[in-house]
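The values are calculated or read from the model by the stated rules, or taken from the named source; none is laboratory data. As the structure is a computational prediction, the values presented were derived from the model and not from experiment. Methodologically, a virtual Cβ is constructed for each residue, glycine included, from the backbone with ideal geometry; neighbour enumeration extends over all protein chains shown.
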Amino acid sequence: MRTSRFWQALETLGGAAPQCDWVRQLGADWAIAGALLQRTGDLAENLVCPRSSENGCLRNLVALPDGRFRADCGDVPQRCDTLRLEKDDVRILVLHRGKLASALIRAFGLQDATAATVPKHVLTLGRYDVRAGVGFAIFLGLAENGNPLAFTDLAPVFRTPGPKAVLIPYASVIDADLTTRLTVEGARIFLLDDVVVWDPRTTLAPRFDLSTIFHDLIVKLPGSDDDASRPPALALPPGTTWSSIRIAFENDELFNLSGPGVHRAVAPADIGMADKRTGKARLPWEWLRHFALHGGRIPVGNSSAQKHKQFVSEHLTAFTGIAEDPIGDDAGHYVAKFAIDGSGLKQGVAGISRRNFAGHR
């Protein structure tokens, strides 16, 4: 589920607001997004009325003997009915920077993670490693009271050599001038809504495969062009087309690729679809399994599924040396130009059934 409403609320409310305002702004997202907020210990003295007049209207809060509150319309004459509120409704909530930082560290599997114990506008979250000792730093930039970050706030980013990522909740956190200067210094700015989604278990999870999200930074790392310069793994005859290729999954972690004069068992690591740190299959491999289970024809789906498809196409092309895109587009569906058999897969395997690769935004 997209996180956009939370970052919009953070910007609209200026980072601090009564709980009832957060609930109204977040709607259904409150159930999970509330985990990233904390109480300040203060109670609101008044509430901004969503039906305010041209001059603005504040609902005046009056404490009642039973511990609840009454919110009276401050417009003259009064236009709104009086509201009855619980004490929790008027407690001031702010972003819990430490919880947000921890959720992002978990989502991206960062190394050398730094606990957010000191209030700062820019937090060093940790380092994303593509392999041992090779990676880049990731920072989190948070504005305060709607004010954009200053150059001094971003000093840790400018001091860090090489490529790096700066995550921000909304675009106005960093102005155009500093964005340009950061780009010159090798930093890439990411809006949080573009890189994470809500996850009921971990609060936040990557929106796409991490190699897709951070591709522009990964290619700048030492040795990143190793795979690109590698010749095709198969020695197919010149002029071989996808129509003469067959992919048949033997199990969840292996498929057999056959073509003119070749037969090859292929695991995720063989085709660049395994995490180099953990060895586990990445999301594009799961997408390919899903594709196989549906006989090589599935709806195009959301932007995440489209990125997985593109990743699969590029890696199949590099693996075989067949320049043509192996997956076509027909009437809103992705269609395999090769034979694909998913009968060896576990039908409804958990990893696939939980992911709606062909779903909508």
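Here the condition is being among the aliphatic types (A, V, I, L, M), out of contact with any strand residue (DSSP E or B) (no Cβ under 8 Å at 6 or more places or on another chain), free of Cβ contacts under 8 Å to residues at least 60 places away in the same chain and not in a loop (DSSP other than H, G, I, E, B); of LEU61, LEU26, it holds for LEU26 alone.
When ASP270 is tested against (1) crowded, with 21+ Cβ neighbours inside 10 Å; (2) closer than 30 Å to ALA132 by Cα; (3) modelled with pLDDT under 95, exactly one condition is not met: (1). Here is a check on your reading of the model: is PRO161 assigned to a loop (DSSP other than H, G, I, E, B) and either under 20 Å from LYS220 (Cα atoms) or touching a strand residue (DSSP E or B) at 6+ places or on another chain (Cβ under 7 Å) (or both)? Yes: the conditions hold for PRO161. Of all residues assigned to the range 29-46, at least one qualifies as being aliphatic (A, V, I, L, M), within 23 Å of CYS73 (Cβ to Cβ) and out of contact with any Gly (no Cβ under 7 Å at 6 or more places or on another chain). Among the residues making up the range 323-340, those that are in contact with a strand residue (DSSP E or B) (Cβ under 9 Å, 6 or more places away or on another chain), under 14 Å from SER243 (Cα atoms) and either surrounded by 17 or more Cβ atoms within 10 Å (Cβ to Cβ) or touching a residue at least 60 places away in the same chain (Cβ under 8 Å) (or both) are PRO326, ILE327, ALA336, LYS337, PHE338, ALA339, ILE340.
Which is touching a residue at least 12 places away in the same chain (Cβ under 8 Å), exposed (fewer than 15 other Cβ atoms within 10 Å of the Cβ) and either touching a helix residue (DSSP H, G or I) at 6+ places or on another chain (Cβ under 9 Å) or of a type outside the set (Val, Ile, Thr) (or both), of PHE108, PHE151, PHE190, PHE136? Talk me through it step by step, then tell me what you get.
Numbers: PHE108 fails: exposed (fewer than 15 other Cβ atoms within 10 Å of the Cβ); PHE190 fails: exposed (fewer than 15 other Cβ atoms within 10 Å of the Cβ); PHE136 fails: exposed (fewer than 15 other Cβ atoms within 10 Å of the Cβ).
Just one listed residue meets the conditions, PHE151.
If you go through the range 58-74 and pick out every residue that is surrounded by 16 or more Cβ atoms within 10 Å (Cβ to Cβ) and in contact with a helix residue (DSSP H, G or I) (Cβ under 9 Å, 6 or more places away or on another chain), you end up with 3.
Conditions tested, residue by residue: (1) hydroxyl-bearing (Ser, Thr, Tyr); (2) farther than 28 Å from ARG5 by Cβ; (3) touching a Ser or Thr at 6+ places or on another chain (Cβ under 7 Å).
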residue: LEU140; (1), (2), (3): no, no, no
residue: PRO148; (1), (2), (3): no, no, yes
residue: GLY162; (1), (2), (3): no, yes, no
residue: ALA165; (1), (2), (3): no, no, no
residue: PRO169; (1), (2), (3): no, no, no
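Could you please let me know if LEU93 is outside any loop (DSSP other than H, G, I, E, B), modelled with pLDDT of 80 or more, more than 30 Å from HIS215 (Cβ to Cβ) and more than 32 Å from the chain's Cα centre (by Cα)? Taking the combined requirement at face value, the residue does not satisfy it.
Looking across the range 295-315 at every residue that is closer than 22 Å to SER244 by Cβ and out of contact with any strand residue (DSSP E or B) (no Cβ under 8 Å at 6 or more places or on another chain), the one that is modelled with the highest pLDDT is identified as HIS315.
Go through (1) in contact with a strand residue (DSSP E or B) (Cβ under 6 Å, 6 or more places away or on another chain); (2) under 30 Å from THR40 (Cα atoms); (3) surrounded by fewer than 17 Cβ atoms within 10 Å (Cβ to Cβ) for GLU144 and report which single condition fails. That leaves (1) as the condition not met.
Listed residues GLY301, GLY295; which is assigned to a loop (DSSP other than H, G, I, E, B) and either over 22 Å from the mean Cα position of the chain (by Cα) or not assigned by TED's automatic domain parsing to the domain that holds ILE245 (or both)?
Values: GLY301 fails: either over 22 Å from the mean Cα position of the chain (by Cα) or not assigned by TED's automatic domain parsing to the domain that holds ILE245 (or both).
After applying the criteria, what remains is GLY295.
You will find that of GLY239, GLY259, the residue that is crowded, with 19+ Cβ neighbours inside 10 Å and more than 27 Å from the chain's Cα centre (by Cα) is GLY259 and no other.
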